[in-house]
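The numbers here are math on the coordinates, done by the rules we state, and not lab data. In this text, all values refer to a predicted model and were calculated from it rather than measured experimentally. Because the Cβ atoms are built from the backbone with ideal geometry, glycine has one as well, and the counts that use them run over all protein chains shown.
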Amino acid sequence: MNETSHQEPAYRTNERDPALDNGEVYDQLELLSEMGRDFASSMDLQASLERAVAHITDYVEAEGGALFLLDDDDTVLRCHACVGATEITGLTLPSDQGIVGRCVQNDKAEIVRDVQNDPSFYGKVDEQTGYTTRSILCAPMTVKDERIGAIELINKRGGDGLFEDQDLHLLATMSASAGLAILNARMAEALVEQERLARELELAAEIQRSLLPDQDEDDFPLFGINVPARTVSGDFFDFFELEDGRIGFNLGDVSGKGMNAALLMAKTASLFRCLGKTIHQPGRLLARINAEICETATRGMFVTMLGGIFDPRTGIVRFANAGHEPPLFLDDNGTFSSFPADAPPLGISPFLLDGDHYPEEELRLDGGRFFVFTDGVTEGYREDGSELEVDGLKEILGDNQRAAIRDQLSLVVDSVYRAGVKLRDDITLLVIDDQARESVSTQRPRQEPNSIGEVEGGEELISVRIPSQPDCLKLVRNAITQAAQMCECNEEMTHDVVIAVDEALQNVIRHAYDNRPEGDIRVSIRRTGENFVVLIRDYADTIDTSKVQPRELDDLRPGGLGTHFMREMMDEVSFLSPPEDKGNLLRLVKRIA
């Protein structure tokens, strides 16, 4: 072997060998065809690599073979398949080291007949296995300018164990074919993955669309539009009617793009709809959502959001702005007003607020329109290439002030969205129209929860409506606890109120409704100065309040202890005249410690 290495170079580049006869060419083509079919038909690339190495090693009559692939950054070669004398699957080495690294870097097939004298030979495998490598055959897998890896064979079976030039030509041909097959298989895998992701994105987009409110009513005073820049959107809006006829609404924009933004959007929108049914103060509602998002949001992600309540009967909008674009108010005379945010976005920190709620603003529309939008609108490109900006938005809205709200918002969208033009960002707008206030007021008469509030005054924290069924009392207990937390009540006070209210509701179910499950009970939890007030309204027959008196504790007759119990727990317990002189209205007061 030493004599051979002195007389011949350590490696040779491949040259055409005229000695190949037609039979050998046919066998090679048959093997290449079989390998190609295997790569094309198999969904398991790893299994195809192992079979390809086995076929090539056997055909060239080598004692062992290995297939190395470059990692994504082209700095590491990793053995993905191995057959024969030694097992090195998973072995990694820098892409510029070893004979296989040299082969890949130079993009040339090599035959090394005396590996022990080759400075690039990686001898650690022989040291670990006790196997002696005498000769190496190595050919790169390259398609055009894309380097994929290399196939390396060791020790010719029989004879002196050295490879010949004919073997080099054969391996070079097979490696080129294997490289093309691997590239095609990767492309097929990538295509399948892209199709899967596309289906998942479309499903996510469908779910997002389902979160948007139903907008079938042409005369409804709120209307919104959302046009995603991608398949899924980080913008959202929503509105829903409360039991008293008011309408809760929001519009938000999640930082970032893609699936993460879409998931945070879905969570934020769901929190608003869920909590907004019971928390009717926009500032407190946003603070509660902010606390929830801060617990789970990915670092660096946040949500700008404007949420509020609109009363169609009075034309009053009350809203809180968490770092969102300033909304625009277009009054009935064509004058615009804007309302910049005074508080940070949701999800940054629960400690940036001044108190336990976001600042609130109240606006009487008086026949005007209130517009909320994302920066995708004002930063959208017009047909001449300029940004729409706030002035452009005002111009479109002002010029079409008397148009139907659907048409007015559609004109804004049309100014920055054209077929075939990629959007810069999601486009989302929401409008509240007070011009339909008279018809809305006629269709939705004021209902009882507001009437209860007018009896008491102060600030309503939460309102709950339940049927007269004991298993529904848990909802009220949770509402009491939540409202007490808003008022920073201590644990002992909260416990007392929960117990007293629970007893009062049990009495309503048992005595007022005689355990009939279809009865209607409404609970308004309010704060009046330093008093925590709970109003309980039922619609049963009006009772004689003079007969509702606690009895002495040493009186062993049944009944009456519940009233005594409530008076011990609360600072005040009294019956008020119910609105419209129908049913009963109980007032329980606890001074905030």
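With the highest mean first, a sort of the peptides 521-531, 69-79 on other beta-carbon atoms found within 10 angstrom per residue produces 521-531, 69-79.
Scan segment 291-325 for trypsin sites (Lys or Arg not before Pro) in coil per DSSP, keeping those whose Cβ has at most 14 other Cβ atoms within 10 Å, and list them by number. Don't skip to the end; give the middle numbers.
Details: sites: R299, R313, R318; in loops: R299, R313.
Answer by residue number: R299.
Loop-located chymotrypsin sites (Phe, Trp or Tyr not before Pro) in segment 309-365 (DSSP state other than H, G, I, E, B) with a sparse environment of at most 10 neighbouring Cβ atoms within 10 Å: F351. Between Q485 and D216, the C-beta separation translates, for a Förster distance of 41 Å, into a calculated FRET efficiency of about 0.60. For q values of 0.11, 0.12, 0.13, 0.24 Å⁻¹, compute log₁₀ I(q)/I(0) with the Debye formula on a Cα-only model of segment 191-286, without solvent. Here the Debye-derived log intensity ratios amount to -0.37, -0.44, -0.51, -1.28. Sorting the segments 379-391, 166-178, 96-108 by their mean number of nearby beta carbons within 10 angstrom, highest to lowest, gives 166-178, 96-108, 379-391.
Beyond 16 Å, how much of the Cα-Cα pair distribution for segment 35-139 remains, as a whole percent?
Details: 3325 of 5460 pairs.
Percentage above 16 Å: 61.
Given R0 = 60 Å, the distance between the Cβ atoms of L263 and N117 translates into a calculated FRET efficiency of 0.50. Spatial offset of segment 363-419 relative to segment 170-202 amounts to 47 Å, using the alpha carbon center of each. Per-residue 3J(HN,Hα) values for segment 63-72, derived from phi via the Karplus relation 6.51 cos²θ - 1.76 cosθ + 1.60 with θ = phi - 60°, read 6, x, x, 8, 10, 10, 10, 6, 5, 4 Hz in sequence order (x marks Gly and Pro).
Determine the shape class of segment 65-195: with a ≥ b ≥ c the square roots of the Cα gyration tensor eigenvalues, call it rounded for a/c under 1.5, and otherwise prolate if a/b is greater than b/c, oblate otherwise.
prolate
Please enumerate, by chain and number, the lysines with C-alpha under 30 Å from the C-alpha of K422, excluding those fewer than 8 residues away in the same chain. Those lysines meeting the cut-off are K257, K267, K394.
Taking R0 as 25 Å, what's the FRET efficiency between E459 and L352 from their Cβ-Cβ distance, rounded to 0.05?
Working: r = 23 Å, r/R0 = 0.92.
Efficiency, rounded to the nearest 0.05: 0.60.
Amide H contacts under 5 Å for L461: I525, R526, R527, restricted to partners 5 or more places along the chain or on a different chain, H placed in the peptide plane at 1.01 Å from N.
If you take the square roots of the eigenvalues of the alpha-carbon gyration tensor of segment 212-443 and sort them as a ≥ b ≥ c, do you get rounded (a/c under 1.5), prolate (a/b over b/c) or oblate? Don't skip to the end; give the middle numbers.
Numbers: a/c = 1.61, a/b = 1.07, b/c = 1.51.
Here segment 212-443 falls in the oblate category.
Averaging Cα coordinates gives a centre for segment 208-240 and one for segment 46-125; these two points are 57 Å apart. Taking a ≥ b ≥ c as the square roots of the Cα gyration tensor eigenvalues, with a/c under 1.5 meaning rounded and otherwise prolate when a/b beats b/c, else oblate, which class fits segment 291-335? Cα axes put segment 291-335 in the oblate bin.
Peptides 356-364, 85-93 ranked from most to least packed, by the mean per-residue count of other Cβ atoms within 10 Å: 356-364, 85-93.
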